Amino acid sequence: MAHDRREFLKTLGVLSAASTIAPGFSPEAALVRAATEVAGPPTLSFLTQAELVFIEAALARLIPADELGPGAKEAGVAAFIDGQLAGGFGVMARAYRLGPWLEGTPEQGDQSALTPREIYRAAIREVDDDCDRRYGKRFAELAASEQDDVLRGLDEGTIALSSVNAPLFFGLLWGNAQEGFFADPVHGGNRDKVGWKLVGFPGVAAVYAEHIERHGEAYRADPVSIVDLQQKRVRVDEHGHPVHTRAAESE
Amino acid sequence: MTKLKPVDAVVVGVGMAGSILAKELTDAGLRVVGLERGGPRETQRDFAMPGIHDELRFARRHELAQDLSRETITFRNNPSQTALPMRRLGSFLPGEGVGGAAVHWNGMTFRFLPWDFETRSRTNARYGKGAIPADCTSQDWGVTYAELEPFYDRFERVYGIGGKAGNLDGKIVPGGNPHEGPRSRDYPNPPMKTTYVGALFDKAATSLGHTAFPLPSANMTRPYTNPYGMMLAPCLYCGFCERFGCEMGAKASPQTTILPVLLSSDRFELRTRANVLRINLDAERKRAVSVSYADAHGNEVEQPADLVLLTSYVFGNVRLLLLSGVGRPYDSARGEGSVGRNYAYQTLSGATLFFEDREFNRFMGAGALGRVVDDFNGDNFDHGGLGFIGGGYLSALSLGSRPINSHPVPSGTPRWGAGWKKAVARYFNRSFDVDAHGACQSYRDNCLDLDPTYRGADGRPLLRMTFDFHENEYRMSDYLASKTQEIARVIGPRHIDVDRRTGPYSIVPYQTTHNTGGAVMGADPATSVVNRCLQSWDVPNLFVVGASAFPQNAGYNPSGTVGALAYFCADAISNRYLKHPGPLS
């Protein structure tokens with residue numbers, strides 16, 4: 001693991017290739033600092049700054065940072081959502097988009113004429129307005145417990161928005177939050193593969209043909225992303241599969 | 001409009017069935033054109049590492065599945081509702097592009113039971129005529145298992161299926177499925193490896209008196225050369241199978257088993273981005289003279305052919321018949337007509353097991369890796385007093401869990417927040433399912449027809465699906481779910497959640513891409529669209545091949561039977577129809 005962190009710090013420019021780790025140096029603390037510094041505020045293609053503030057506040061409640069590790073905000077999920085909204089997903093490029101637009105049963109699926117872009121844009125404005133009326137503050141300025149109440153109200157439909165179905169917006173946001181937390185970092189979220197580290201998912205698969213028959217022996221590996229492979233940060237076999245660094249081997 | 005020179009045969013849809021028919025007919029000496037609405041797809045160009053291991057692109061955004069912006073279906077649960085378009089993919093994932101859904105399939109390759117082909121007559125014989133519900137339209141197929149056996153065998157050879165025979169020429173063989181119909185020989189490849197999950201399932205099932213066996217798999221279990229000379233690599237158990245293309249070419253698909261050989265033939269031509277609009281009939285509407293398609297630029301092209309083979313997905317086959325006016329459209333109110341009749345699906349149930357201590361390496365796996373119990377499928381058990389017909393197989397699968405789509409949490413876990421996060425971290429690798437993969441009978445009001453309102457990007461009516469589960473399926477689901485619960489209890493996790501089918505069918509959550517019927521085969525033109533050779537009753541030079549021919553769906557994954565029917569049909573055309581073109585018997 002130490003070797004891997006060194007490699008990561010090198011890529012961040014924290015260490016020079018030749019430098020050695022000084023006594024008392026805390027790789028974890030440096031890593032957190034470095035990641036924060038390097039990541040900085042996300043560059044936005046679609047979202048406004050006010051929308052970013054809202055989304056990051058919501059993400060911090062949906063998948064919070066805690067003793068298990070970083071949450072969705074720290075994982076850069078807002079940047080992931082911005083990227084998704086800027087691309088084909090945001091305009092429902094592969095969805096059926098012809099009318100008439102009628103309200104159906106739950107079994108018939110979402111029939112909203114609004115695209116994800118339009119839903120985020122309208123809903124964030126309306127939720128903030130609703131919070132302003134009830135609390136005198138915008139969503140991001142509320143206490144955590146108040147934010148949870150608002151999110152629950154959206155999820156359960158007890159908060160009504162004027163142009164968007166509240167549970168539809170919540171479902172979209174919550175679905176995108178999970179996607180951004182667990183998708184390959186190539187899509188802008190899951191920064192430092194924190195979602196994968198949380199659950200023990202190794203990312204891009206290695207050859208498991210042998211280990212799969214070792215019943216009861218947990219396989220722990222430093223996760224590998226598509227980015228790692230594109231930037232040649234990990235060894236690969238002859239077919240292009242990563243050679244995982246197994247935890248037991250590196251510690 | 002461009003009118004091209006005639007060819008011997010045109011194949012509409014170049015997926016599993018289309019590639020088989022095109023290969024067999026070019027081998028029989030015919031000049032064949034394959035028309036595919038989507039684009040070209042090849043292992044090395046399109047499924048390459050590392051990009052193919054991208055859960056978001058392929059398992060969430062469905063890049064290998066149908067693009068609904070051009071064509072979808074509309075859906076309602078019953079005829080009293082207004083059908084509305086399926087705007088996003090959900091319950092099932094039809095394919096698009098060369099290889100069709102057989103690119104992103106898992107590879108589970110069963111044979112149906114002898115009983116499945118004679119559902120109505122055998123049920124009546126054993127349980128009396130009252131056993132089948134009054135509104136159930138399930139029927140015999142017009143072909144028997146014994147007649148299909150050589151063609152199942154052929155398909156298993158071409159697709160390199162790994163498994164263990166349970167019945168060789170009537171002799172029950174230990175280690176396989178004792179309920180299967182007699183096979184002429186064993187699978188061409190040995191079974192897949194057994195995972196920890198599989199071993200726990202086996203032990204529990206055996207202790208309950210059930211018989212467990214390996215799931216028949218189209219993921220290669222060793223290097224394999226098929227009868228066409230195609231070489232397939234062994235599976236690495238990487239867990240990126242379902243919804244993905246295989247970068248190793250280790251999953252049997254048209255790309256890995258047939259297409260490179262077929263494309264090297266000067267008697268075959270593949271045209272991609274060729275979306276067939278209609279079958280053109282002669283003045284008497286007794287003969288197909290050509291098909292018209294829109295090419296990549298939207299230009300209409302007419303391709304004359306002596307033989308027309310519809311080999312697209314269920315929905316494409318049925319929609320094209322209806323748009324072309326072939327056969328009599330089914331009218332569920334009157335119970336008359338045949339095109340669109342007997343649409344069916346699959347009834348899934350199961351139990352999820354949550355452990356505190358054991359880890360299962362759930363991210364490892366293969367699309368068709370699992371252990372199976374078939375004691376409660378078809379009529380393998382006495383249905384007396386149970387109140388339903390049919391059944392399903394029970395299994396513990398190791399398909400490869402990826403965290404966006406698969407992060408099970410026990411019932412009672414908060415939907416989001418710190419409690420959710422803790423449970424996800426805890427159980428991602430400490431849980432698994434015992435599944436029940438159940439049949440679905442056909443009913444008078446479950447059907448496909450043309451939607452009166454919604455149209456595709458091509459301006460033509462969308463196909464409309466009317467479907468719901470019936471009492472028979474709810475009872476069967478309840479029964480099978482209880483069996484999975486029994487096995488789960490013996491395995492002994494901390495917590496078990498049981499999932500039984502209740503309430504109306506929903507098109508939203510993914511269930512399975514096992515849609516069947518609508519152009520069903522049979523012995524009676526009043527209740528079938530095609531005869532036992534998959535030849536149109538109305539237009540003898542038109543064949544309609546695929547799961548659209550299933551009169552009802554069995555408790556198995558359908559692809560093995562799609563492959564067998566494709567070879568059965570190819571044999572009938574090559575050895576009988578071409579010698580005496582006209583109606584086959």
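A few comments on the model shown:
- Which numbered condition B:Pro509 fails, given (1) assigned to a loop (DSSP other than H, G, I, E, B); (2) farther than 28 Å from B:Pro94 by Cβ: (2)
- Residue within the range A:170-188 that is in the same structural domain as A:Lys73 (by TED's automatic domain parsing), on the phi > 0 side of the Ramachandran plot and either crowded, with 20+ Cβ neighbours inside 10 Å or modelled with pLDDT of 95 or more (or both) present: yes
- One residue from B:His62, B:His104 being at pLDDT 95 or above and more than 23 Å from B:Tyr454 (Cβ to Cβ): B:His104
- Flag if A:Asp66 is more than 18 Å from A:Gly188 (Cα to Cα), assigned by TED's automatic domain parsing to the domain that holds A:Pro167, free of Cβ contacts under 8 Å to residues at least 60 places away in the same chain and surrounded by fewer than 17 Cβ atoms within 10 Å (Cβ to Cβ): yes
- Inter-residue pairs, beta-carbon under 7 Å, first under 12 Å from A:Met92 (Cα atoms) and in the same structural domain as A:Ala86 (by TED's automatic domain parsing) and in the range A:114-126, second assigned to a helix (DSSP H, G or I) and not aliphatic (A, V, I, L, M), 6+ apart: A:Thr115/A:Gly90; A:Pro116/A:Phe89; A:Pro116/A:Gly90; A:Arg117/A:Gly90; A:Ile119/A:Phe169
- When the residues of the range B:493-513 are filtered to those that are more than 17 Å from B:His470 (Cβ to Cβ) and not β-branched (Val, Ile, Thr), the one that is surrounded by the fewest Cβ atoms within 10 Å (Cβ to Cβ) is B:Pro509.
- Residues in the range A:73-107 that are assigned to a loop (DSSP other than H, G, I, E, B) and under 28 Å from A:Gly40 (Cβ atoms) were compared, and the one that is nearest to the other protein chains (Cβ to nearest Cβ) is A:Gly87.
- Only a single criterion out of (1) closer than 30 Å to B:Phe117 by Cα; (2) buried (at least 24 other Cβ atoms within 10 Å of the Cβ); (3) of a type outside the set (Phe, Trp, Tyr) is not satisfied by B:Asn361, namely (1).
- Scoring B:Ala344 on the criteria (1) within 14 Å of chain A (Cβ to nearest Cβ); (2) hydrophobic (A, V, I, L, M, F, W, C); (3) crowded, with 24+ Cβ neighbours inside 10 Å leaves a single failure, condition (1).
- Pairing residues of the range B:182-194 that are within 14 Å of chain A (Cβ to nearest Cβ) with residues that are part of a loop (DSSP other than H, G, I, E, B) and buried (at least 20 other Cβ atoms within 10 Å of the Cβ), at Cβ distances under 6 Å and at least 6 apart in sequence or on separate chains, gives B:Pro190/B:Thr221; B:Pro191/B:Gly163; B:Met192/B:Thr221; B:Met192/B:Leu369.
- Those residues of the range B:203-238 which are crowded, with 20+ Cβ neighbours inside 10 Å and in a helix (DSSP H, G or I), in sequence order: B:Ala204, B:Ala205
- Every test in (1) under 24 Å from B:Ala59 (Cα atoms); (2) surrounded by 22 or more Cβ atoms within 10 Å (Cβ to Cβ); (3) touching a Phe, Trp or Tyr at 6+ places or on another chain (Cβ under 6 Å) is passed by A:Ala86 save one, and that test is (2).
- Considering the range B:40-78, and only residues there that are in contact with a strand residue (DSSP E or B) (Cβ under 6 Å, 6 or more places away or on another chain) and in a loop (DSSP other than H, G, I, E, B), the residue that is farthest from the other protein chains (Cβ to nearest Cβ) turns out to be B:Pro40.
- Matching residues in the range A:190-226 - criterion: being within 22 Å of A:Ala79 (Cα to Cα) and either more than 9 Å from every other protein chain (Cβ to nearest Cβ) or polar (S, T, N, Q) (or both): A:Asn190, A:Arg191, A:Asp192, A:Lys193, A:Val194, A:Lys197, A:Pro223, A:Ser225
- Hits in the range B:248-260 (condition: in contact with a helix residue (DSSP H, G or I) (Cβ under 7 Å, 6 or more places away or on another chain) and assigned to a loop (DSSP other than H, G, I, E, B)): B:Gly249, B:Ser253, B:Ile258
- Elements of the type helices (runs of 4 or more DSSP H) sitting completely within the range A:152-251 and holding at least 1 residues that are more than 23 Å from B:Val424 (Cβ to Cβ): these cover A:166-182, A:226-230, A:247-250.
- Between B:Leu397, B:Leu369, the distinction of being touching an Asp or Glu at 6+ places or on another chain (Cβ under 9 Å), over 14 Å from B:Tyr479 (Cα atoms) and among the aliphatic types (A, V, I, L, M) belongs to B:Leu397 only.
- Pairs with Cβ under 8 Å, 6+ apart, first in the range B:24-46 and farther than 13 Å from B:Glu96 by Cβ, second at pLDDT below 95: none
The values are calculated or read from the model by the stated rules, or taken from the named source; none is laboratory data. The structure presented is a predicted model; accordingly, all values stated were derived computationally and were not measured. Using ideal geometry, Cβ is built from the backbone for each residue, glycine included, and neighbour counts are taken over all protein chains shown.
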